[in-house]
Amino acid sequence: MNRFLISAAHKSSGKTVISAGLTTALIERGYKVSTFKKGPDYIDPMWLGLACGQPCWNLDFYTMGCDEIRECFVRQSAGADVALIEGNKGLFDGLDVEGGDSNAALAKLLNIPVVLVIDVTGMTRGIAPLLSGYTTFDPEVRIAGVILNRVAGPRHERKLRAAIDRYTDLPVLGAIPRLEEVHIEERHLGLVTSAEHSQADSWLGSVAKTIDVAVDIEALLGLTDGFTEKMHVESVKKKQAVDLRIAIARDKAFGFYYPDDLAAFTRAGAELVPFDTLNDQQLPDVDGLFIGGGFPEHFMDQLSANKRMLESVRKFIEEGGPAYAECGGLMYLCRSMRLSDAVVELVGVIPADVVMEDRPVGRGYMVCTSTAAHPWPNVAREAPQSYRLHEFHYSRLMNLCDSSETVFEVNRGYGIDGKKDGYVCHNLLATYAHQRQVCDNPWVDRFVEFVRGCH
């Protein structure tokens with residue numbers, strides 16, 4: 001099996017485009033590819049999952065233990081010819097000054113080499129000391145080779161290759177030209193999602209053709225073969241018989257879900273029933289409701305115009321239907337949303353108004369401590385438990401009553417107001433925090449048990 005991690009010197013170097021294009025090119029050559037993304041991210045995994053035709057799995061030091069990371073990687077890459085991990089930020093970046101949560105640390109943990117993507121815009125001979133520094137900074141990290149991205153032309157490429165050949169031992173695995181079509185639009189929380197891209201499949205095919213010409217795929221595979229992490233993987237917990245149906249919002253406005261969370265619903269005996277907040281007229285016949293994150297602000301007019309769905313969701317929650325909403329889902333359940341001068345009405349079960357800001361309100365890792373008011377079972381009430389979570393939002397809640405009940409104290413991050421998160425009413429829990437089903441926070445099991453207890 002070929003295993004490697006695609007990293008860079010800094011963010012926005014083109015890792016996702018190259019990772020998705022390379023995955024598509026490998027698939028088209030007949031390889032079976034498993035993809036992974038380092039860190040808490042929903043958008044890049046959507047592109048990688050679309051490229052390989054199966055879910056892309058997140059590997060995150062903050063929410064997962066090292067054994068959990070290894071187990072996920074080994075389990076989800078079993079049977080694949082190629083296992084590709086897209087890194088986040090730069091190779092050595094992270095929260096820990098010692099680098100314990102960096103891409104480099106992940107490569108060492110899994111015993112896999114790194115393919116370094118360098119955005120060479122405005123760079124010629126200067127690439128040599130940059131690469132020299134990266135190869136010597138941590139000798140335990142094996143950098144297999146470098147892919148030059150956004151190369152201005154043949155003359156630029158010759159200068160770069162000459163400097164790399166003269167001053168380093170790194171092989172150049174490819175040189176990708178600066179092409180507007182080899183680009184995914186970015187916005188405040190990252191790239192546009194694959195669900196919103198009008199021609200995602202054809203775009204991936206076009207990128208794959210560019211990658212196939214610009215990158216020496218045979219050389220890349222030759223330098224990343226035979227790196228294995230042998231370990232025993234515990235058998236997956238036996239699935240419970242399905243006795244619940246839980247509606248899940250899956251459309252252009254809402255799509256931020258981790259595959260291991262979704263798999264946990266099935267193991268817990270819940271069938272996830274997708275519905276479309278933009279086009280469906282009412283919720284399906286279900287026992288519970290889950291609305292994850294997304295970009296409701298980009299579809300606020302459509303969401304507001306679908307009055308029948310707004311009423312269906314409002315009725316379900318106000319009549320005691322058990323529900324959980326994260327970030328974009330929380331926003332959707334509020335009274336209204338304002339973006340610039342535009343204001344629309346939304347579901348209205350949360351007595352607050354959403355205002356979109358120009359700068360991040362909450363972005364990054366969180367630590368929240370549960371309070372005794374948390375409605376789900378098996379959440380320690382007498383000895384409150386802290387959870388590692390994350391948030392990504394440019395919105396804030398306005399006019400929320402001070403007496404509104406919340407169930408999380410925010411120790412790190414912002415949440416609703418910098419101090420609290422987790423609004424509860426009826427049988428709804430709505431948060432700005434994104435949870436992850438891991439050993440330290442089996443939130444899916446608890447929510448499913450809560451739904452079961454409501455019936």
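Nothing in this text is a laboratory measurement; each read-out follows from the coordinates by a stated rule. From a predicted model like this one, the values you see are computed outputs, not experimental measurements. As a convention, Cβ positions derive from the backbone with ideal geometry for all residues, glycine included, and neighbour counts pool all protein chains shown.
Below, the figures for the structure above:
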{"quantity": "For region 71-91 versus region 131-153, the gap between their alpha-carbon centres in whole angstrom", "calculated": "20"}
{"quantity": "Rh by Kirkwood over Cα pairs, then Stokes-Einstein D for region 318-455 at 0.692 mPa s and 37 °C, µm²/s", "calculated": "216"}
{"quantity": "Loop sites in region 1-104: GluC sites (Glu not before Pro), DSSP, at most 12 other Cβ within 10 Å", "calculated": "E98"}
{"quantity": "Filter on K15/K38; K37/K108; K38/K209 - keep pairs with C-alpha separation over 23 Å", "calculated": "K38/K209"}
{"quantity": "Theoretical gain in end-to-end length, D440 to D417 [0.36 nm per residue, Cα-Cα removed]", "calculated": "5.8 nm"}
{"quantity": "Cα point-scatterer Debye curve for region 74-186, base-10 log of I(q)/I(0) at q = 0.13 Å⁻¹", "calculated": "-0.58"}
{"quantity": "Relative contact order (percent, whole number), the chain, Cα cutoff 8 Å, 6+ residue spacing", "calculated": "12"}
{"quantity": "Rounded FRET efficiency, nearest 0.05, which uses the C-beta distance separating L262 from D81 and R0 of 30 Å", "calculated": "0.75"}
{"quantity": "Cα long-axis angle, helix 307-318 against the chain (0 to 90 degrees, to the nearest 10)", "calculated": "70"}
{"quantity": "Cα shape, region 1-124, gyration tensor, a/c 1.5 rule", "calculated": "oblate"}
{"quantity": "Additional length obtainable on full extension of the chain from S12 to E98, 0.36 nm per residue less Cα span", "calculated": "28.6 nm"}
{"quantity": "Mean separation of Cα contacts under 8 Å (6+ apart) over length of region 2-223, as relative contact order %", "calculated": "25"}
{"quantity": "Magnitude of the charge dipole, the chain, Cβ model with Lys/Arg +1 and Asp/Glu -1, debye to 20", "calculated": "820"}
{"quantity": "Relative compactness, region 261-377, computed as alpha-carbon Rg over 2.2 N^0.38 Å", "calculated": "1.13"}
{"quantity": "Trypsin sites (Lys or Arg not before Pro) lying in DSSP loop within region 402-455, provided at most 15 other Cβ fall within 10 Å", "calculated": "K419"}
{"quantity": "Estimated [θ] at 222 nm from DSSP helical runs (n ≥ 4, -39500 (n - 2.57)) normalised by residues in the chain, nearest 500", "calculated": "-8500 deg cm²/dmol"}
{"quantity": "Relative contact order computed over region 338-388 (Cα-Cα under 8 Å; 6+ residues apart), in percent", "calculated": "29"}
